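To keep things clear, I will list the structure first and then write my remarks on it.
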Amino acid sequence: MKVLLIHRYFWPDTPPYALMLRRIAKQLADDGHDVTVFSTQPSYKDDYAIERQPWSEQLDAFKIIRQGLLKETKKKILARIANMAIFCLAVFFHILKNHYDIVMISTVPPIGGAVAVRFATLLSGSAYIYHCMDLHPEIMAHAGHLRQGVFFRFLLRIDRKNCEKALATVVLSEDMRKTLLDRGYRNPENIHVINNFELRDYTSEEQRQGEVVSGLLKEPGRFRVIFAGNIGRFQGLEHVIDAAEQLKSYQEIEFVFLGEGGALKQLQERAADLHGKSVFFCGHQSVNVARKVIADADIALISLNAGIVRLAFPSKTMTYLCEGVPVLVVVEDDSELARMVRSAELGYVVRPADPHHLASTILSAYRNRQQLYERRKAIADFGTACFGVESVLTKWSQLFHKAFAGSYHV
């Protein structure tokens, strides 16, 4: 098939999907499909400059086309809105001009990107796959960016139509699937659950040898709780700082935050008295360095505000597990993630917004650190079997194979 994969950000840009999409594209090209990726120049982080990439190039047996956009930053709201419109229009006309068999769009840009693809594929006689990394507009409402009024309901109707008209709508968990069904979904047979896979980088062995990790590794005798990924407003990390405050008398226990995000400054201010003692902020790191630091930790933290687990799935989970690190998940008790952690004995589950429960659980993990260490191989085996790159890419191959066979209920 002639396949188009669309996302605003693509390798060597830094968000997880930018890396994952390169592997999906290569897998589909290796399967014999004619694959094109439609994206933009790297621009995800304002303060993490990546050199300009070719506007069109061949990579790993697939083609990349990059659309030019206005210069923007996270604070330039009008420029960001304009770029979303430019990108969606460019996607629309590119599909009409090139006549693909299958187009896959993710949720960046949200809702509008899928609308552009839906109408373009309708006019061109092709089909599309909607890869829902998170669910909009519900997640916008949770972030406080959108009130649940008339406009929210309007966007919800649009995105429900985006999902229903897709050849396949792919979500990351059964919780997300249930959220779609709760919308009053009219085409439930086209919903498929394919979760993310562990992140691996593309650096050469020479580049890896030059990466410095020694200053990020824990000192002997320390018990490290690590959080790696976006430090945003969905994670409820203020409660983690409150738990660290309750545990400050245990000098061996430390909290390390690896990453950046919109809530970083507020988190640093909240942790001011603990900063450099039991709480450390290490900024953005390459995937390879991050994996080494994660593997060195004693327990890895996954924290989400109440309700978010129904709308998204934390991609850091896969890398944590594939490195064999026990996890501490702060999510609702009845979520798929919590059930998985308990049934496979991967670590601990803590209810959201309860620093006291979180602190007592971390203390229990510290006291049982030897048992946690003994579980690491079993955890790594579980992670590789469920979320290893090869395991998940096989599911993508099967999905596109069924599309190739002409089944429009994949």
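The values are calculated or read from the model by the stated rules, or taken from the named source; none is laboratory data. Worth saying up front: this structure is predicted, and the values here are computed from it rather than measured. Glycine gets a Cβ as well: all are built from the backbone with ideal geometry, and neighbour counts include every protein chain shown.
Points worth noting:
- Look at (1) in contact with a strand residue (DSSP E or B) (Cβ under 9 Å, 6 or more places away or on another chain); (2) of a type in the set (A, V, I, L, M); (3) surrounded by fewer than 21 Cβ atoms within 10 Å (Cβ to Cβ) and you find that V287 fails only one, number (1).
- Of the candidates L167, L172, L146, the single residue that is surrounded by fewer than 19 Cβ atoms within 10 Å (Cβ to Cβ), in contact with a Phe, Trp or Tyr (Cβ under 8 Å, 6 or more places away or on another chain) and under 29 Å from I81 (Cα atoms) is L146.
- With respect to the conditions (1) out of contact with any Pro (no Cβ under 8 Å at 6 or more places or on another chain); (2) modelled with pLDDT of 95 or more, A365 falls short on a single one, namely (1).
- From the options E238, E269, E252, E245, residue that is farther than 29 Å from V392 by Cα, acidic (D, E) and touching a strand residue (DSSP E or B) at 6+ places or on another chain (Cβ under 7 Å): E252
- Any hit, region 224-246, residues being among the aromatic types (F, W, Y), outside any loop (DSSP other than H, G, I, E, B), modelled with pLDDT of 95 or more and more than 15 Å from L358 (Cα to Cα): no
- The conditions of being at pLDDT below 95, in contact with a Lys or Arg (Cβ under 6 Å, 6 or more places away or on another chain) and not assigned by TED's automatic domain parsing to the domain that holds Y320 are met by D46.
- Residue in region 398-410 that is farthest from the chain's Cα centre (by Cα), counting only those that are surrounded by 18 or more Cβ atoms within 10 Å (Cβ to Cβ) and in a helix (DSSP H, G or I): A403
Each row is one residue, and each column tells you yes or no for (1) farther than 19 Å from I294 by Cβ; (2) without any contact (Cβ under 8 Å) to a residue 60 or more places away in the chain; (3) outside the structural domain of L304 (by TED's automatic domain parsing).
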residue: L337; (1), (2), (3): no, no, no
residue: M340; (1), (2), (3): no, yes, no
residue: G347; (1), (2), (3): no, yes, no
residue: A353; (1), (2), (3): yes, no, no
residue: Q371; (1), (2), (3): yes, yes, no
residue: I379; (1), (2), (3): no, yes, no
residue: G383; (1), (2), (3): no, no, no
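- Restricting attention to region 247-261 and to residues that are free of Cβ contacts under 8 Å to residues at least 40 places away in the same chain and outside any strand (DSSP E or B), the residue that is farthest from the chain's Cα centre (by Cα) turns out to be S249.
For every residue, the table says whether it meets (1) under 19 Å from G229 (Cβ atoms); (2) in a loop (DSSP other than H, G, I, E, B).
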position: K292; (1), (2): yes, no
position: A306; (1), (2): yes, yes
position: T317; (1), (2): yes, no
position: D333; (1), (2): no, yes
position: A359; (1), (2): no, no
position: Y366; (1), (2): no, no
position: A378; (1), (2): no, no
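- Residue in region 131-140 that is in the same structural domain as K161 (by TED's automatic domain parsing), assigned to a strand (DSSP E or B) and within 23 Å of W396 (Cα to Cα) present: yes
- Residue in region 145-155 that is touching a residue at least 24 places away in the same chain (Cβ under 8 Å) and part of a loop (DSSP other than H, G, I, E, B) present: no
- Qualifying residue in region 252-259 (condition: more than 26 Å from S214 (Cβ to Cβ), surrounded by fewer than 21 Cβ atoms within 10 Å (Cβ to Cβ), at pLDDT 95 or above and among the charged types (D, E, K, R)): no
- Subset tally (residues that are of a type in the set (A, V, I, L, M) and assigned to a loop (DSSP other than H, G, I, E, B)) for region 262-290: 4
- Filter pass, V91 being modelled with pLDDT under 95 and either in contact with a Phe, Trp or Tyr (Cβ under 7 Å, 6 or more places away or on another chain) or β-branched (V, I, T) (or both): no
- Looking across V349, V341, V325, V392, one residue alone is under 21 Å from the mean Cα position of the chain (by Cα), part of a loop (DSSP other than H, G, I, E, B), crowded, with 18+ Cβ neighbours inside 10 Å and β-branched (V, I, T). It is V325.
- Residue in region 97-106 that is surrounded by fewer than 19 Cβ atoms within 10 Å (Cβ to Cβ), part of a loop (DSSP other than H, G, I, E, B) and assigned by TED's automatic domain parsing to the domain that holds K161 present: yes
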